[in-house]
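Undergrad: Questions regarding the structure given below will be posed in turn.
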Amino acid sequence: MRILKIYLFLFLSSLSLNCLAQDTIESVMARMKPELAVQIAYQETRYMGLFDEDWQGSGFLYAASPNTLLKQQLKPEIEMMAAEGRLLTYYKPVTQTFHQLQLDESNPMMASLVAFKAMLTGNLVSLRQQYLLKFITSKSSWKLEMTAKEYAEDEAPLKIIMQGLNEQAANNMEVILPDGDRSQYDLSQPQQGLEIQHNLLNLLQTLKNH
């Protein structure tokens, strides 16, 4: 009987530890937030109803606190897009296209950039202002569903779903636009350090000096 009680105690203790270790939205955000700068490799697939073939691209995402995000697309063609505060800068070298405009957080076409910016800079306040958040955990993974608070009456709301394994940053993000088109991102785990910070600063400087 004593041995049975010991086994029961150990079993209940392990359950308690599992519950204590369960992810929260705050722990996920803290895990993704950079100390200096963060780099994430991504593979993007766009599913668009008006086209027979899906569009695919890949590159890197960079972020730095408090409010900087850079998306460096390498394939199929090099493009760079940076959000610093509310200023959005875009550059495509092959066509010498350069734009600067204000980042519109309510624009569905900028949704993935806005979500990445908030997630990778740990800005939970911004996410809660723009979206209804639903955080779900299981034994092995977590999922964050974000539904836009504001949307046209005759359209579905913009929806963003991020998910990852327990005790890890996001490894997947899906953006579902009001018209039904969607983009899927496969994400590597964040890499941090001085070298990545230098890479980000160099890319930002290249973008500004296009």
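Undergrad: Which peptide among 72-82, 160-170 comes first, and what is the full order, when sorted by highest mean count of other Cβ atoms within 10 Å?
TA: The packing order, highest mean first, is 160-170, 72-82.
Undergrad: Right, next: Per Stokes-Einstein, at 10 °C and 1.306 mPa s, what whole-number D in µm² s⁻¹ belongs to the stretch 116-189, with the Kirkwood radius over Cα pairs as the hydrodynamic radius?
TA: 122
Undergrad: Taking only Cα atoms and a 10 Å spring cutoff, compute GNM fluctuations for the chain and point out the largest among LEU124, LEU187, LEU50.
TA: Taking springs between Cα atoms under 10 Å, the residue moving most is LEU50.
Undergrad: May I pose another question? Report the Rg/Rh value for the chain, based on alpha-carbon coordinates and the Kirkwood definition of Rh.
TA: Radius of gyration relative to Kirkwood radius: 1.06.
Undergrad: Taking θ as phi - 60°, what are the ³J(HN,Hα) couplings along the stretch 133-138 by the Karplus curve (6.51, -1.76, 1.60), each to the nearest whole Hz, with x for Gly and Pro?
TA: Result, ordered by residue: 9, 10, 9, 10, 10, 10 Hz.
Undergrad: Relative contact order, percent, of the stretch 25-209 when contacts are C-alpha pairs under 8 Å separated by at least 6 residues?
TA: RCO, the stretch 25-209: 24 percent.
Undergrad: How large is ³J(HN,Hα), in whole Hz, for each residue of the stretch 180-187 in order, when computed from phi with the Karplus curve 6.51 cos²θ - 1.76 cosθ + 1.60 and θ = phi - 60°, using x for Gly and Pro?
TA: Rounded to whole hertz, the list is x, 5, 8, 10, 10, 10, 9, 10.
Undergrad: Efficiency by 1/(1 + (r/R0)^6): what FRET value for GLN168 and GLN96, r their Cβ-Cβ distance, R0 = 41 Å, to the nearest 0.05?
TA: Calculated transfer efficiency: 0.55.
Undergrad: Enter the accessible area per residue of the stretch 25-209 (Å², integer; probe 1.4 Å; all protein chains in place).
TA: 53
Undergrad: Straight-line reach from LYS143: which lysines have Cα under 29 Å away, leaving out those fewer than 8 places along the same chain?
TA: Those lysines meeting the cut-off are LYS33, LYS71, LYS75, LYS117, LYS134, LYS159.
Undergrad: Kindly provide the trypsin sites (Lys or Arg not before Pro) of the stretch 96-145 that DSSP labels as loop, not H, G, I, E or B, and whose Cβ sees at most 14 other Cβ atoms within 10 Å.
TA: LYS139
Undergrad: Please sort through the DSSP H helices of the chain and keep those with an alpha-carbon extent of at least 20 Å along the long axis and a Kyte-Doolittle average not below 0.5.
TA: Once both thresholds are applied, what remains is 2-20.
Undergrad: Can I ask one more? For GLU153 and GLN56, what is the calculated FRET efficiency with R₀ set at 35 Å and r taken between the beta-carbons, to the nearest 0.05?
TA: FRET efficiency, GLU153 to GLN56: 0.55.
Undergrad: Ignoring ligands, DNA and RNA, please state the percent of accessible area on the stretch 25-209 from carbon and sulfur, probe 1.4 Å.
TA: Using a 1.4 Å probe with all protein chains present, the stretch 25-209 comes out at 49 percent carbon and sulfur.
Undergrad: What distance in nm separates the simple spin-label points at PHE135 and ARG31, each placed 7 Å from Cα in the Cβ direction?
TA: Distance between label points: 1.1 nm.
The values are calculated or read from the model by the stated rules, or taken from the named source; none is laboratory data. Quick caveat: nothing in here was measured; it's all calculated off a predicted structure. Note that each Cβ is placed from the backbone with ideal geometry, even for glycine, and that neighbours are counted across all protein chains shown. Quick note on the areas: whole protein, heavy atoms, side chains included, nothing else; ligands and nucleic acids left out. Shrake-Rupley method; radii C 1.70, N 1.55, O 1.52, S 1.80 Å.
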